[in-house]
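Down below is the structure, laid out as structure tokens.
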Amino acid sequence: MSRNRFREIMKFLRFDKKETRRVRLQDDKFALVSATWNKFVQNSIACYKPGANITIDEQLFPTKARCRFIQYMGNKPDKFGIKFWLAADVNSKYMLNRAPYLGKEETWSRGQLVGESVVLRLAEPFLGKGRNITTDNFFTSLKLATALQAKKTSLVGTLGKTKRELPPSAKEQAELFSTKVLKCANATLTIYQGKPRKNVCILSSVHTSVGITDGPKAKPESVTYYNNTKYGVDILDQMARAYSVKGGTRRWPVAVFYNILDLAGINAHILFKECTSSKIAQRKFMQQLAEELRAEFMEGKGAAWQLAQGPSQQQKQLPQQTPKRRQCQVRRSCKQNKTHDTCKCRKPVCGNCARRIEVTCVDCEA
């Protein structure tokens, strides 16, 4: 693809109709790209059946494009960006479901805490199958664990020290590598003193009783289970950053489209491996995917080139000659030069304003 063609495509790249944009933005902040976004999410859900463990976490896609819901997160490598909620399969790292964070006034989170509503929304297509969901302290709560249990789904996650569900004993310091287990209804709270001045609280509706593993640190089973299932979204984000199509842009819908392409490539790689039992690397798969996507365009371009060349491809077309020298009518790089050559649009064109493979003026070439 030539540079001018790429720039022209990016110039006119839009994902909605401008005529109805103002009306749709009143109800949906994401209206500029929501149609493409929803189709991608629906296809991702329909094409894959996840395993027993699902991770739900946040992703910050870096961009400084002007946007009403841009976020600043100081603990991330890139401080500014658009925040997304992601659900990923732990074993394969397949992106199962996702939703953008559009602010606290989102209609679907009214009457609930943001973390609880996000988990219930992203996990909705996969509930009732006995799966487990792993979350961090932003999402985890006893109310969420109870709601998921009613839908035959378990929850494992850390609890922050500011949660109201935590008893006062959870904030007390204990002996190093000691474990305390509390129980409420069908959920257990494991308090593990992993560091001298810091303990970790794990809420689990999977473990009815918590055993202690062998080793010098004597970790409880709920902590080990959380460590083995918490990294799904983090690794998915790392894979998206490793081979990204992201480029510079000032339009946030294009930035979102870049993120869609990154995650779609990862999902396609996972589906290809599981359907063909292949062990192809992600980088090699992305190269093959790019070649296959451009194959149809290159074939059409080659056919057009052969048609322009005529029956003899080896010989270059000779310029059309005019019986009398005439002034150049293109005048892009000359000052009324006289010439015998004529473009295919029948304009006299001098050597400074022509391309010599086939005599064509710069107006017709563009």
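A few remarks follow.
- For the stretch 3-285: relative contact order, % (alpha-carbon pairs under 8 angstrom, 6 or more apart): 17
- Computed from the Cβ-Cβ distance with R0 of 56 Å, the FRET efficiency linking LYS344 to LEU182 stands at 0.10.
- Our summary of shape: the Cα atoms of the stretch 3-285 have principal axis extents of 67, 46, 36 Å, ordered from largest down, in whole angstrom.
- Rel. contact order, % - alpha carbon contacts under 8 angstrom, at least six apart, the stretch 156-277: 17
- Reducing the stretch 6-30 and the stretch 179-230 to their Cα centroids gives an inter-centroid distance of 48 Å.
- Put a dot 7 Å past the Cα of ARG7, heading toward its Cβ, do the same for GLN26, and the two dots end up 3.9 nm apart.
- Estimated FRET transfer efficiency (TYR243, ARG164; beta-carbon r; R0 25 Å; 0.05): 0.05
- Label zone at GLU292 (point 7 Å along Cα-to-Cβ), backbone N below 20 Å, the stretch 256-278: 260-278
- The aspartates and glutamates whose alpha-carbon is closer than 17 Å to the alpha-carbon of LYS180, local same-chain residues fewer than 8 away aside, are GLU165, GLU172, ASP214, GLU221.
- Local electrostatic count at LYS163 - Lys and Arg +1, Asp and Glu -1, tallied over other residues with Cβ under 14 Å: +1
- In terms of packing, defined here as the mean over residues of other Cβ atoms within 10 angstrom, the peptides 204-213, 158-167 line up highest first as 204-213, 158-167.
- Computed from the Cα positions only, the extents of the stretch 1-157 along the three principal axes stand at 54, 34, 34 Å, in decreasing order.
- Note on LYS49: lysines with a C-alpha under 21 Å away, same-chain residues under 8 apart excluded, are LYS39, LYS93, LYS129, LYS151, LYS152, LYS230, LYS273, LYS279.
- Choice from LYS246, LYS151, LYS301 showing the highest fluctuation, given a GNM over the chain with Cα pairs closer than 10 Å: LYS301
- Cβ-defined net charge surrounding TYR226, 14 Å radius [Lys, Arg +1; Asp, Glu -1]: -2
- Positive minus negative residues near ARG326 (Lys, Arg vs Asp, Glu; Cβ under 10 Å): +3
- Highest mean packing comes first when the peptides 5-15, 47-57 are listed by Cβ atoms within 10 Å, giving 47-57, 5-15.
We did not get these values from a lab; they are worked out from the coordinates using the rules stated. What you see is a predicted model, and the numbers here were worked out from it, not measured in a lab. Note that each Cβ is placed from the backbone with ideal geometry, even for glycine, and that neighbours are counted across all protein chains shown.
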